[in-house]
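Here the structure is laid out as structure tokens; the discussion comes afterwards.
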Amino acid sequence: MYDVRLSIPGSFDEVHPYMGYLFLLTDEFDLMVVDWRGWAEEIASHYQQPAGVFDALADAHHREKALNLSLTLEVDSIPDQFIVSTESLGIGSCAHWDIYNSVLYIANLTGLHVYPLLINGTFEGVKERTKYVESPTFDVSPKWGIVTTAAGDQGFFAQAAYLWEGDFRPDFVNRHFDGIEAHSSTWLSDKALAFTETGAQIFTNEFGPAKLSRQIGRAEGIAISSFGTRQGSIEPTVDQDVTFAGGFASNQSIYVFAGNRATRYKVASDNEHDMLGEPRHFELPCREITGGATFRPGVVFDTDAGTFHSDALNFNPTLVSPGENVSLRVFRRSYDHVYQIWSVKDDHIELVVL
């Protein structure tokens, strides 16, 4: 069992551990790249269980599953010897970012920007930026070779992920769905969700179109569309009287939230249908939920009071990182079930390993 906590001083907007490196977006919107494995090894060397500390922070593949480790780690700053590079990205803002297949995607008010990362054993730099979307974008969600982004009143975009030399993808996607006002997007297994003020719309691929056996409640409308090139109609069935601040999903559940209240819908699928269970409502001890993420066996909420974690089945939220976040990242580090919650604050980053 792990309960390891680390506070990293500094003013950052985003964080993403990837391929042994820690990618940080500074408050000046530069990309700082840190040798995360090297630094984690140096941090771990100061503690009685260095292998367990290192695995919790940067590896987690070779640890003893029965290891019990509860520890709060302290660092003064990021040592200069572990800062690999600081790259200017040429942007003035960031609404959301993600790294997928060695490519950094950044959504902001000028569009969706794409930065291929040159990582061949070691970090070698960033290729020239390209732009996927010209409209203001509010988030980015890559998965299954597709990158989705919500663009507010400009709609919802789904495009093929960046193709490296030698990549082969026969089902190239480049779709723009207007007629909806999407403020965030995520994935429900192999289906993409675009969240609007009145609920969520599901987008499926043409090889396995999903059909919903029922709508999500009275207010959360669900529509089916296709990522393929042959179909693309949107059939919203929403109640315009109720608004939602956002939502997120896992492979088996959809969450929507407004104020301090969240609602979960379990999703069960067969070969032809997605069947949505009865809604379960939860309230958190905060004023406003601003985001969230799931990982087995828990769910994480980003709120104005800080980061809450709870078991997904028996809802009992625990405040694991007090204080409002600039951004929140949740990672499952390996099949050994080590989970990392990265809460980015105004003047530091808090990492909680469960």
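Derivation of every value follows stated rules applied to the coordinates shown; laboratory data play no part. Note that this is a predicted model, so its numbers are computed, not measured. In this analysis, Cβ positions are derived from the backbone assuming ideal geometry, glycine residues included, and neighbour counts consider all displayed protein chains.
Here are the numbers for the structure shown:
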| read-out | value |
| --- | --- |
| Residues whose placed amide H lies under 5 Å from that of S321, excluding near-sequence neighbours | T307 |
| Projected label distance in nm at K266 and D304, using a 7 Å step from Cα toward the beta-carbon | 3.3 |
| Inter-label distance for T26 and Y47, nm, one decimal - labels placed 7 Å from Cα along Cα-to-Cβ | 2.8 |
| Amide H partners (placed H, <5 Å) of T137, local residues excluded | N108, L109, T110, G111 |
| Sorted peptide list for 283-289, 311-317, 244-250, 38-44, criterion being average Cβ within 10 angstrom, highest first | 244-250, 38-44, 283-289, 311-317 |
